[in-house]
Amino acid sequence: MTQLSTLSSTGEQLILSLHNKPHHVCVAATQAMYWQQFTENSTISIKASGKYVPSELAWICSDEEEPRLHLILRAQCEADIQLLGDIYCQIIYDLLRFEGHDHATYDWVKQEVIVFGSLFNSLPSTIFETDRHLLGQRNCNIKKIRNILGCSIDVDQPMTQRYRFRIRHVNRTVMDVAAIQIQALVRQAQDQYLIAFAMSIGRTLVDPTERIGTSTSTSVNPPNYPLFTSFQSNNKRVCQTNDDSDDSADETTYDETRDSDEVVANMATAYIQALIKQAHIKYRMVFVENTKKRLVDPVTPIITGSTEMGTFTPLQKNDDEHIKANEINICCLF
């Protein structure tokens with residue numbers, strides 16, 4: 001946790017870093033409604049600045065290029081300046097309390113399960129749109145769960161970037177299964193944010209002239225396609241073109257190119273890891289789908305293939321075509 005104190009003619013300010021905090025903690029800590037208890041009837045002001053950088057990419061991105069999300073606390077008069085340190089400590093305590101902010105709860109009075117989903121989005125809507133990735137087009141992801149289970153699911157936003165799902169059904173187990181499915185959708189959307197963020201950084205790391213041209217078709221001829229060309233080191237090429245230069249210049253160019261290649265490779269690694277995590281989440285969602293079918297219709301067998309848990313195909317398209325499509329995305333970006 002970083003604390004910077006600045007004194008000026010206008011008062012004092014403290015900076016509280018939200019670096020490496022999960023989505024739901026950052027969403028809760030950046031709400032104007034939460035700040036109101038500290039700023040009401042005073043000269044104290046609180047604002048959020050910077051971007052939410054996924055923890056998987058935090059060590060790759062520098063603070064200069066991608067300023068981390070942080071809170072700025074300011075006070076002007078002497079009495080409020082003395083309170084600023086206490087408010088800072090209170091917010092730190094609240095950050096720990098917010099860790100359990102999105103846990104599912106059961107309302108005994110209304111006989112419903114309440115699930116929360118938070119996603120702090122620092123990307124433009126043209127790159128990443130939370131509603132589409134979490135709820136699906138026209139809420140298709142939620143409608144699918146509702147139709148299969150025959151339960152009621154109401155969705156609203158009690159605060160910015162935080163969703164609330166109210167699940168109702170006579171069977172408590174059905175509600176729990178729906179809650180697990182929604183929580184998987186939230187994790188999937190957060191991983192998709194990681195992928196989108198990696199893409200946006202990848203475009204700034206690589207010169208556009210070095211990217212591989214994309215095709216409108218995902219069908220690629222394997223023998224002619226340069227698999228993972230962008231991951232191959234450029235050191236050999238650089239050294240060959242600089243044979244006539246002195247040794248010190250060659251060594252400097254080699255080191256700079258090697259550092260650049262390592263950054264690009266690390267970015268691509270984070271991208272691939274996010275794809276793997278999404279495949280794991282997809283597996284859990286398919287497993288829950290099979291469980292839901294058995295809960296709704298006990299006659300329907302869970303075994304739909306040669307495995308005991310039913311069929312699972314992490315690559316929804318033809319496997320080869322899906323792999324090629326991901327290779328195109330990675331090579332074009334990095």
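Quick look at the numbers
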item: Filter on Lys21/Lys110; Lys21/Lys47; Lys110/Lys144 - keep pairs with C-alpha separation over 27 Å; result: Lys21/Lys110
item: Segment 92-143: chymotrypsin sites (Phe, Trp or Tyr not before Pro) in DSSP coil with no more than 14 other Cβ atoms inside 10 Å; result: Trp108
item: Antiparallel content of DSSP bridges confined to segment 1-156, in %, to 5; result: 95 percent
item: For segment 68-82, 3J(HN,Hα) per residue [Karplus equation, 6.51 cos²θ - 1.76 cosθ + 1.60, θ = phi - 60°, Hz, x = Gly/Pro]; result: 6, 5, 8, 9, 10, 9, 10, 9, 10, 7, 4, 5, 6, 4, 5
item: Segment 66-112 shape via C-alpha gyration tensor axes, a/c threshold 1.5; result: prolate
item: Charge sum, other residues only, whose C-beta stays under 12 Å from Asp156's C-beta, Lys/Arg counted +1 and Asp/Glu -1; result: +2
item: Cα gyration tensor, segment 11-146 - rounded (a/c under 1.5), prolate or oblate; result: oblate
item: Net charge of Cβ neighbours under 15 Å - reference Ala75; Lys, Arg +1; Asp, Glu -1; result: -3
item: Neighbourhood net charge (11 Å Cβ-Cβ; Lys/Arg +1, Asp/Glu -1) for Asn20; result: +1
item: Size of charge dipole - segment 139-179 - debye, nearest 20, with Cβ of Lys, Arg +1 and Asp, Glu -1, no other charges; result: 40 debye
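Each value in this text was obtained by applying a stated rule to the coordinates, not by laboratory testing. Note that the coordinates shown come from a computational prediction; the quantities given were computed from them, not determined experimentally. Counting neighbours? That spans all protein chains shown, and the Cβs are built from the backbone with ideal geometry, glycine included.
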